[in-house]
Every structure is written in structure tokens, then in C-alpha cells.
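Heads up: the structure comes next, in C-alpha cells.
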Amino acid sequence: MFKKILVANRGEIACRIMRTAKRMGIATVAVYSEADKDALHVRMADEAVSIGPAPARESYLSIDAICKAVKSAGADAVHPGYGFLSENAEFAKRVAKSGAVFIGPGPRAMASMGDKIEAKRIAEKAGVNVIPGHSKALKDGAEAVKIAGGIGYPVMLKAAGGGGGKGMRIAHDDAECREGFDRAHSEAKASFGDGRIFIEKFIENSRHIEIQVLGDEHGNVVHLGERECSIQRRHQKVIEEAPSPLLDAKTRAAMGRQAVQLAKAVKYVSAGTVEFIADADRNFYFLEMNTRLQVEHPVTEFVTGLDLVELMIRIAAGAPLPRGLKDVKLKGWSIEARVYAEDPFRGFLPSTGRLVRYGAPEQGTDGRISVRVDTGVFEGGEISVHYDPMIAKLVVHAKDRRAAVHALRNALDAFYIRGVSTNIGFLAALTAHPRFIDGRLSTQFIAEEYPEGFHPSDVPHEDPTVVAAVAAAIHQAYQERAARISGQTRGHERKVRNDWIVLLKERRFEAAVSGTEGRFKVDVDGRKLAIATAWRLGDPLFQAVIDGTSVCMQVERNGIGYRLMHGGSQIDATVLNPRVAEFYAVMPKKVPPDTSMYLLSPMPGLLLDVAVEEGQEVKAGDTLAVVEAMKMENVLRAERDATVARVHGKRGDSLAVDQVILEFKTDT
């Protein structure tokens, strides 16, 4: 067995690999860029090696830098995690040349499956169902349009050497195809160093289902069932689960058999994933093979009871697959949600900055529900503009799908994150949606249910009466403490009133509170609620049983009121005595500034292109600029007809949030 493993990655996956290695008694080495010198994975490792500046291409994507670190640390094995160099065949070769073992498939299998065009040819030869399309790299946008016309719209433009949603565009007409080729080519070049793009038919209303495979050096290949990853945004997975609500035993067996056939065809060794798309009738087609550990691997670990990282390490050390893997049964249901530092209400733009507060749900199991949080962050750490904005992966396991969905929603409420925006409200909305609860999924789920983007009104709002009751109880507790510490003399104690007006947005509630010390009775507009809680003043989480139902809310003081978060919804509550409420009702409202005459950068990033010049007239929908953030290109378009008065930004500028790029002429 290996004595020391270097983890050629960062963030949560580096931390996750190190946990297993440490449990196996193997020392670990972290690599880090200048931006990550204080990162959690660096703290967890037994030793750490600096590999260069913050940009990934100069550090985590530098084969020379990482191989140098392997030698200097004396590591006898390298685990690449996912992303970065994890599917780079040249990296695998260089690791072997450095004298270390690459914990992953061989370079030949990696190269053949990493090239999506070649992978499709091999799959077809191996008897795997494939999607109709054009299996050669496209020269330019004009050729893409020509080929798309023969295939028939809609089509999918895909990076030949990519993955993770980068270098992918759906096109429904010639214009989208031409622009989609340009954007996909540019993203693929920047992300993978390979700008080749191919095209295939886009299967509408499809479901994304993948099979986990394992192979060893002794010719054994097995599959461990499926994961459903249909809930996606911009081709990037948001929620994954195992098993799939769609598959029956017959389809699972057929899909697993084809996945094993493909793995055997390329003599696959290590953990890998064969991805398929399926229609409502359970017809399925090969999509691609990921020759690495997947982000969503924990759901498979929960339903099989296996540690995939441990299996990868043992396979790389030459051990055969354990007997009995062919007979592994899927037990219960597991769901994973990816918690990102992004703002769903601003088009899911990345939110970078410092994690002023960070608290995660309690991990472990109570015999019915298991909760796991994989993360690479800590309170006080920073979400950098240079890398993926993932904060954590929340994974739950329960006896069935309905129980798992309920467990996931409860655990989401227990995240306490401040300093950056997160997608928790979006995740709460998805998991509360009737279609999701019923398992009626598709890769177009988000586009279909939120065609105009995600808005605050889309967040599932909990019973406002319960929120008002909690706000009133919290306020009562603060008022009673203030009375106790106000230096009152005996016989002249200040009486604390218990009747309050609670203001929640546009709604007004009358609340009367009785009881104390964790046992409150609150009458809200005639509805009586009993609240039992161990909450103490200043605790960020208000965990309680309200009329027999467990409730978790995040609580913080907000000026003269309170900010409550529950079910992904953020609610500002103002609690006033009746007389003050009368005056409050006539206070003037502050009007926000008008920024409609400017094009502002919606995120921190790099200004790749400015498509207009001063004096130019633009129409609604015209491209104005392209901003790159975390290797994704974001096209900024005109929201209305206007004339450009001034261009403030230029190509290559580093932009801050809300920095002015263009200024338009006023309508005078």
C-alpha cells in the first residue's frame, strides 16, 4: 500500500480524498496556489507544496509544477480528484515518469474517453446506444450551421475534450448555432486547451442518468447502479440522487451492462462514470464517459455502503476488486445538493468574498436519516474569483425518496452562511416543487419552471403566521433580558409588555406572547401556537417544535428588527409596540437610485469583449459585452433600444461587481 499520496486538487474534493487516506493510515500532501495558501485542504494535509500563482493555468493546471511537487514531497501516488488535470492523459503519463502511481485510469483509456468524438466511435463499436450526430470536429460557425441543418434543430454543440458544462451550447436556429459555436469554442480553449467542437442532436425532455463503474488490473469490471443528475442549470448539475426515480430493474440492468461493455472495450481500470440520456419511455443513449471520480459520488457511497476513494486507492495499488461487488444492492435513497456562492436573483452570478460566518448542518446519523457535508471552506475563508464557487455538497440518506427530500430540506435550513450570496433559496424551491417531489424530472426542468430566471417570488414561502410568531417570541425574549439588566431597583421594576405588531413585508400581524425560558405561547391574529425551543439569545439557529412540527430558522438582529431565513426564504421582520407601529406606518420610504442608463458588471470577472462603440445605436437583445467569470463566458445584452454615450471598459479589464462598462444616452 502507498505511504504518501499527493492530492493534485483543491477545495472539498481534496479534503474528501485526504479523509479517506488518513483513515487508511496514508500520509497526504496538498498542493496550493498563492490564493489558497490558507485553504482548508492545506490545513488538513500532513504537508503542503506551493505550485504557483492564483490563476489555475499557472498552478493547478501546470503539469510541470505538480510533478515537481510530487518529487520534492517524495509522494508515491497522486490522486487527481475531479476537474483540473484529472482527465489529462499527458498528466497521467508524467506522473508515472516521476516515479509515482496515478490513482485513476491508464492514459490510453483516459485519452480515448476524454476525446468525446473518439469516445462516441468506440461506444458505437462496443454495442452501446449512441446519439445521432456529426462525429467530426467543426471548422467554424458556418460549418456548424450547415451540419445542424442536416441533423435538424435543436442541436447540442459540445467540446471534444471538455466536461463540467463548459464548452456546451444548445442551438434552436442558425443564429444561436453560429454564436453557440463561438462561445463553446472559446470556453473550451480556455478551460481545456482544446477548442474542438462537435455537434449532435439535442434530445428534448431527456433525463441525465449515469452508471458508476469500477475496473481493476485483473480484468474485472462491475457497475454500482445509477445516479440521476437531471436537475441542471447551464449543463451543470445542481441536484443528484441515487437511485433514479425513472429506472426499473430491467432498464437498470441494460444500462449497467452497456456501461460495463464500454469500460471493458477500453480496458478501464479505476472508478469511472458512463453517462447516458434517457427519454420518458426509458430509451437511453450514450453521452460520454468521465474517467475520474464524479462530484456526485457520495450518493452512490450512501446507497452501496462503499468508499469509492478507498477502492480507487486499492485498485491503483494493484488489488483486485473485492468479491461480492457484482451483488451489491442499493439500499435506501440518497440526494446531494451543491451549495454555491452565487446569487440566484441576479442570474446565478458568482458571489466572491469572505465567509464572514459559516456554519453547516450537523453531520451523522440517527438511525433513520444520515447527513454528510463535504466542504473545502471555513469561517473567515475566502471564495476566490479564480476557482469554482462551490461552498459545500450537502448529502442525505433515508429509507425512501420522500424521506430523503424532507431530510434535505431540513438540512438546508441549518446552513448559516454570511458574507456571500448562496443558492440555498433556489435549492429549497427546487426540492419543494411538485414536479421534483413526484420525480418528474428532465434536464430542462429549471428552464421550463423558471423561464424568466429565478426571482424572490419563486422561493417557497412558509406559513407567515408561524414566522410572525417566532419573531414575536424572539423579541419578547430580548425585551425581558433588557428589563433584567437595566439596573432596576426593587419595587420599581419595568414591566415588559407582551402585545406586539409584527410587520412582514406588506403584512401586519397582532401578536400576544406568554411564557418564557423556551416555552412560549403566541396568539397571532387569533391563532394560538405553542413553541418549545432550547434557543438562547444570540444563537444563529432557532430550532424549535411548533405545534408538534420541527422547525429550524436562521435568526439575526437587523437594525430595529430581525432577519429570519427558513425554507430558503429570507424575511425581514419588524416587531413594534402598537403606538410605535402607528408612527412607523407614515415613515417615508427610501427610493433606490436609477441605474437604468448604465451597463453594470453583474459579477467580478474579466472583460473579454466590448461589442459596441460610442454613438452606436443598439436594439434590445443585442450583444454589448462578454464577461468571463470562473471560466464561464457571460454575454451581456441590451435590455432595451438605446444609444451608447460612453464606453468605460476595455478588453482585458478586471471588473468588480456593479462596475460601469457602458453608459447610455438619456431619453431627452
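Read-outs throughout are calculated quantities, based only on the coordinates presented, and are distinct from any laboratory measurement. Just so it is clear, the model here is predicted, and its values are computed rather than measured. Every residue, glycine among them, receives a Cβ derived from its backbone with ideal geometry; neighbour counts consider all protein chains shown.
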Handout entry: FRET efficiency for N283 and N558, using Cβ-Cβ distance with R0 set to 51 Å, rounded to 0.05
Key = 0.45
Problem - Global form of region 214-325, assessed from the alpha-carbon gyration tensor, a/c cut-off 1.5 - result: prolate
Fill in the blank from the handout: Taking alpha-carbon centroids only, region 242-302 lies from region 327-383 a number of Å equal to 24
Practice task
Mind checking region 571-668 for trypsin sites (Lys or Arg not before Pro) that DSSP puts in a loop (not H, G, I, E or B) and that have at most 15 other Cβ atoms within 10 Å?
Solution key: K589, K590, K619, R640, K650, R651, K665
Handout entry: Cβ-derived FRET efficiency at R0 22 Å, E90 paired with D46, nearest 0.05
Key = 0.20
Exercise for the section: Along Cα→Cβ, 7 Å out, is where each label goes; now give me the distance between the ones at A482 and K528 in nm to one decimal. Expected result: 2.9
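When the chain is fully extended, how far beyond the present Cα-Cα distance does D173 get from T666, taking 0.36 nm per residue of separation?
Values: separation 493, 0.36 × 493 = 177.48 nm, distance 3.43 nm.
Net length gain for the segment: 174.0 nm.
At a 10 Å Cβ-Cβ cut-off, how would you order V580, V644, fewest neighbours first? Display every interim value, and only then the final one.
Working: V580 14, V644 20.
The most exposed by this proxy come first: V580, V644.
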Practice task
In debye, nearest 20, what is the charge dipole magnitude of region 598-664 about its Cα centre with +1 on Lys and Arg Cβ and -1 on Asp and Glu Cβ, if you could check?
Solution key: 120
Exercise for the section: Express in whole angstrom the spacing between the alpha-carbon centres of region 118-140 and region 492-563. Expected result: 61
Fill in the blank from the handout: Cβ density ranking, 10 Å radius, fewest first, applied to T643, T375 yields T643, T375
Fill in the blank from the handout: Among trypsin sites (Lys or Arg not before Pro) in region 128-231, those in a DSSP loop whose Cβ has at most 16 other Cβ atoms within 10 Å are K136, K139
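Report, please, the projected area of region 598-664 averaged over directions, based on the convex hull of its C-alpha atoms, in nm².
Hull-based average projected area comes out at 3.7 nm².
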Problem - Acute angle (nearest 10 degrees) that the helix 11-23 long axis makes with the longest principal axis of the chain, alpha-carbon atoms - result: 80
Practice task
Evaluate the charge dipole of the chain about its Cα centre and quote only its size in Debye, nearest 20, assuming +1 on the Cβ of each Lys and Arg and -1 on the Cβ of each Asp and Glu.
Solution key: 1840
Completion exercise
Cross-link reach from K93 to aspartates and glutamates, straight Cα distance under 20 Å and at least 8 residues apart if same chain, gives E58, D64, D76, D115, E118, D194, D216, E217
Practice task
Could you please state, rounded to a whole Å, how far the C-alpha centre of region 13-80 is from the C-alpha centre of region 169-238?
Solution key: 28
Handout entry: Inter-label distance, nm, simple model (7 Å from Cα along the C-beta direction), A611/V580
Key = 5.2
Exercise for the section: Please give the FRET efficiency for R536 paired with R357, using the beta carbon to beta carbon distance and R0 = 22 Å, rounded to the nearest 0.05. Expected result: 0.80
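Taking the beta-carbon count within 10 Å as an exposure proxy, list I209, I560 from fewest neighbours to most.
In increasing order of surrounding Cβ atoms, one gets I560, I209.
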Problem - Using alpha-carbon coordinates, inclination of helix 116-125 to the longest axis of the chain, degrees - result: 60
Completion exercise
The relative contact order of region 371-437, taking Cα pairs under 8 Å that sit 6 or more residues apart, comes to a percentage of 26
Practice task
Just name one of V612, F91, Y268: the one whose Cα is farthest towards the positive end of the charge dipole of the chain (beta-carbon charges, Lys/Arg +1, Asp/Glu -1).
Solution key: Y268
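Normalised by the residues of region 132-201, what does the relative contact order come to in percent, with Cα pairs under 8 Å and at least six apart?
Values: 148 pairs, mean separation 30.0, N = 70.
43 percent.
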Problem - Using alpha-carbon coordinates, inclination of helix 174-192 to the longest axis of the chain, degrees - result: 80
Problem - Contact order relative to length of the chain, as percent, for alpha carbon pairs under 8 angstrom and 6 or more apart - result: 9
Fill in the blank from the handout: Checked against the positive end of the charge dipole of region 132-201 (+1 on Cβ of Lys and Arg, -1 on Cβ of Asp and Glu, about the Cα centre), the farthest of V145, A160, C177 is A160
Problem - Gain in span if fully extended, D366 to A317, counting 0.36 nm per residue against the direct Cα distance - result: 14.1 nm
Fill in the blank from the handout: Log entry: pair-distance distribution for region 4-103, C-alpha pairs binned every 10 Å from zero, whole % per bin is 18, 58, 24, 0
Handout entry: Debye intensity ratio I(q)/I(0), log10, region 91-165, q values 0.15, 0.19, 0.22, 0.25 Å⁻¹ (C-alpha model)
Key = -0.66, -0.89, -1.05, -1.20
Handout entry: Straight-distance crosslink candidates among lysines, where the alpha carbon sits under 17 Å from K589 and sequence neighbours closer than 8 are dropped
Key = K505
Problem - Paramagnetic label zone (point 7 Å from Cα along Cα-to-C-beta, E448; backbone N under 11 Å) in region 267-307 - result: 280
Practice task
Describe numerically, in nm with one decimal, the distance between label points set 7 Å from Cα along Cα→Cβ at K146 and at K326.
Solution key: 5.0
Practice task
Throw me the Rg/Rh for region 511-668, computed over C-alpha atoms with Kirkwood Rh, two decimals.
Solution key: 1.21
Completion exercise
With 0.36 nm assigned to each residue of separation and the Cα-Cα distance removed, K139 to K590 gains 156.9 nm
